[in-house]
Amino acid sequence: MIKPIFITAIQSISPLGKTQNEIWQAYKNKQHYFSIKENNLVAKIPEEALQEIETLRTSDAKYKALDNSVLYAIYASRKAVKQSGWQASSNFGINIGSSRGATSLFETHYQDFLKKDKVKPLSSPTTTLGNISSWVAHDLQTQGPEISHSITCSTALHALLNGVVWLQSGMCNKFLVGGSEAPLTPFTIAQMQALKIYAKPDKTEFYPCRALDLEKEKNLMLLGEAASMLCLEKDETENALAKIIGLGYATEILEHNASLSTNAVCFQRSMKMALGNLNPEEVDVIVTHTPGTKKGDISEINAIKKVFGETVPALTNNKWKLGHSLGASGMLNIELAVLMLQHQEFISVPFIEQKTPDNIKHILVNAVGFGGNAVSVLLSK
C-alpha cells in the first residue's frame, strides 16, 4: 500500500436483509438464516427484498432476461453509489465478480437446449461472466472502466485489490467493487454435495453450518445468495466509513483440487503482506474465511497461529449465519468488519468461546477460493 484507500459506502442484499440497519440487527442476534429448499438447506434472500428485485426486473424490458446474480448486483450497486454521493454518469470504475455467474439462467437455457436442440437468441449475452459489470455500468451510466472476473470464493476481494490498484495508479479517483452470487440451483448444490462438503438437514443440530468450529466431526458448509458492493475513493472524505491500510495476496501449490495445504501457506503469505509493518498484536479482530469444512477451517486457523503466534486476535465468521455466497462472500466479510468498526462492537460466533476485544481499531479480513487464491485486507477506523 502506498497510502490508505477510503471506503465511502457499503451496501448489500443477503439473507440478513437489504439495509445496513437490518443487517446489523441480524448480526446482533444468535439465530441463523437457513431454510429448506427442495430438501436442501440454503440461506435465501428474504421475500421482501426479493419483491424489490422483481420490481427491478420489470422496470425495464431489457432487465427481464437477466439472471438474479446480475439483478442483485444492480440493486446493491445503486444503493452503494447513492450512499457515497457519487453522481450518475461520472467517471468511476467498476469491478464486480462472481464465482458462478448466471448459474440459474445458464441451467435453464441448457435444459431448453437438451429438449429442443436449439437455444434462445439471448442465451449467450445474458450468461457471460462479464454480464454483471456490464449491466451495472449500463444501469449507472458510468464513464469509467468496467471489469468482471472469477477467482472462485476470493473473487470479491480480488475486485477490491484491482480497484485499489486503479486508484493508486492515478487512472481513477473512485471505484465500485464487489461480488454477486445467486447459486441456489440444483446443479450448483449437487456440485458441492459431490465434493462431500455440503451439510445435510439435521433436526438435532441448532446451527447446521458450524463454520469456525474446529471440533466438528464432518463437513458442514451451506450455500447462501448475496451481492455486496463497496465504494472506494482515493482521497479522504467526511463520509468515509473506514480505510484500507494493508493488502495481501498469494497463491500456493495445491495438495488437492479443492483444499488448502495443512497450514494454508497462501493465507500465511497474504496476511503477512497485508500487515506490512504493523505489529500483529495491534490487530483486534480477524474475519475468517472458514467455510464450514473440516480441512478448510483448520488450515486457516493453523495459518493464523503461524502468523500471530500466542497473540491470536478475536476470530469471527458469518457463514454459520448466512451461508457461503462464494464470489460475494469476501465482500460480506468486509461489510461485517466495517459494521464492527463503526459500532465498536464485536460480533461473536455463538458456539465459540473466546476473549472479545474492548476496543476495535484494526480488523483483518480473509478470503480464499478453489485454486489456493488467498486475499487479506487490513481495515482501520
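The values are calculated or read from the model by the stated rules, or taken from the named source; none is laboratory data. As the structure is a computational prediction, the values presented were derived from the model and not from experiment. When we count neighbours, we look across all protein chains shown, and the Cβ atoms used for this are built from the backbone with ideal geometry, even at glycine. What goes into the accessible areas is simple: the full protein's heavy atoms, side chains included, and nothing from ligands, DNA or RNA. Shrake-Rupley method; radii C 1.70, N 1.55, O 1.52, S 1.80 Å.
Tally up the carbon and sulfur contribution to the accessible surface of the chain as a whole percent, 1.4 Å probe, everything protein left in place. Can you show the working numbers first?
Numbers: 8040 of 16060 Å².
About 50 percent, which is the carbon plus sulfur part of the accessible surface.
Principal axes first, then extents: for the Cα atoms of the chain, list largest minus smallest coordinate on each axis, whole Å, largest first.
So the three principal-axis extents are 61, 50, 40 Å.
Give, as ranges by residue number, the residues of region 138-152 whose backbone N falls under 18 Å from the point 7 Å along Cα→Cβ of Lys82.
The answer is 138-142.
Long-range amide H contacts for Ile147: which residues qualify at under 5 Å (H placed 1.01 Å from N, peptide plane, sequence gap of 5 or more or a different chain)?
Those qualifying (amide H under 5 Å, at least 5 residues apart or on another chain) are Ile94, Asn95, Ile96.
Can you give the convex hull volume of the alpha carbon atoms of region 211-349 per residue, in Å³?
On the way: hull volume 18.0 nm³, N = 139.
Cα convex hull per residue, to the nearest whole number: 129 Å³.
State which entries of Lys3/Lys216; Lys218/Lys361; Lys82/Lys321; Lys116/Lys319; Lys62/Lys234; Lys3/Lys28 exceed 31 angstrom in Cα-Cα distance in the structure shown. Working shown, then result.
Details: Lys3/Lys216 41 Å; Lys218/Lys361 35 Å; Lys82/Lys321 28 Å; Lys116/Lys319 40 Å; Lys62/Lys234 34 Å; Lys3/Lys28 33 Å.
Result: Lys3/Lys216; Lys218/Lys361; Lys116/Lys319; Lys62/Lys234; Lys3/Lys28 exceed 31 Å.
What residues of region 219-246 lie in the reach of a label at Glu282, counting those whose backbone N is under 12 Å from a point 7 Å from the Cα along Cα→Cβ?
Under cut-off, by backbone N: 245-246.
List every residue whose amide H lies under 5 Å from the amide H of Ser376, counting only residues 5 or more places away in sequence or on a different chain, with H placed 1.01 Å from N in the peptide plane.
Gly248, Tyr249
In debye, nearest 20, what is the charge dipole magnitude of region 122-279 about its Cα centre with +1 on Lys and Arg Cβ and -1 on Asp and Glu Cβ, if you could check?
Numbers: 11 positive and 15 negative charges, 66 e Å.
My answer is approximately 320 debye.
Sort 14-23, 180-189 for me by packing, meaning the mean count of neighbouring Cβ atoms within 10 Å per residue, highest on top. List each step's numbers first, then the result.
On the way: 14-23: 20.3, 180-189: 23.7.
With the highest mean Cβ count within 10 Å placed first, the list reads 180-189, 14-23.
Under a plain spin-label model, where a point goes 7 Å from the Cα along Cα-to-Cβ, how far apart in nm are Val165 and Lys120?
Output for this residue pair reads 3.6 nm.
Applying a 10 Å radius around every beta-carbon, put 94-103, 108-117, 136-145 in order of their mean neighbour count, most first.
Values: 94-103: 27.5, 108-117: 11.8, 136-145: 18.8.
Packing order, densest peptide first, comes out as 94-103, 136-145, 108-117.
So what are the ³J(HN,Hα) numbers for region 151-160, from phi and the Karplus equation (6.51, -1.76, 1.60; θ = phi - 60°), rounded to whole Hz, Gly and Pro as x?
Those phi angles translate into 10, 6, 7, 9, 4, 5, 6, 5, 4, 4 Hz.
Give me the distance in nm between label points sitting 7 Å out from Cα along the Cα-to-Cβ direction at Ala194 and Lys306, one decimal.
Going by the 7 Å Cα→Cβ label model, 3.1 nm.
Would you work out which of Thr288, Ile245, Ala227 lies farthest towards the positive end of the dipole of the chain? Charges go on Cβ: Lys and Arg +1, Asp and Glu -1.
The residue sitting most towards the positive pole is Ala227.
What is the local net charge at Gln11, summed over the other residues whose Cβ is closer than 11 Å to its Cβ (Lys, Arg +1; Asp, Glu -1)?
Working: positive: Lys18, Arg78, Lys79, Lys82; negative: Glu335.
Residues close to Gln11 contribute a combined charge of +3.
As an exercise, identify the GluC sites (Glu not before Pro) in region 305-361 lying in DSSP coil whose Cβ has no more than 10 other Cβ atoms within 10 Å.
On the way: sites: Glu310, Glu335, Glu345, Glu353; in loops: Glu310, Glu345, Glu353.
The qualifying sites are Glu310, Glu353.
Got a sec to turn the phi values of region 125-137 into Karplus ³J(HN,Hα) couplings, 6.51 cos²θ - 1.76 cosθ + 1.60 with θ = phi - 60°, whole Hz, x for Gly and Pro?
x, 8, 10, 6, 5, x, 3, 5, 4, 4, 6, 5, 4
How big is region 50-186 by Rg and Dmax over its Cα atoms, in Å?
Radius of gyration, then largest Cα-Cα span, for region 50-186: 15.4, 51 Å.
Heavy-atom accessible area per residue, the chain, 1.4 Å probe: how many Å²?
On the way: 16060 Å² over 381 residues.
Counting only protein heavy atoms, the per-residue value for the chain is 42 Å².
How long are the three semi-axes of the equivalent ellipsoid of region 1-98, in whole Å, if each is the root of 5 times an eigenvalue of the C-alpha gyration tensor, listed from largest down? List each step's numbers first, then the result.
Working: eigenvalues 135, 86, 32 Å².
Value: 26, 21, 13 Å, ordered largest first.
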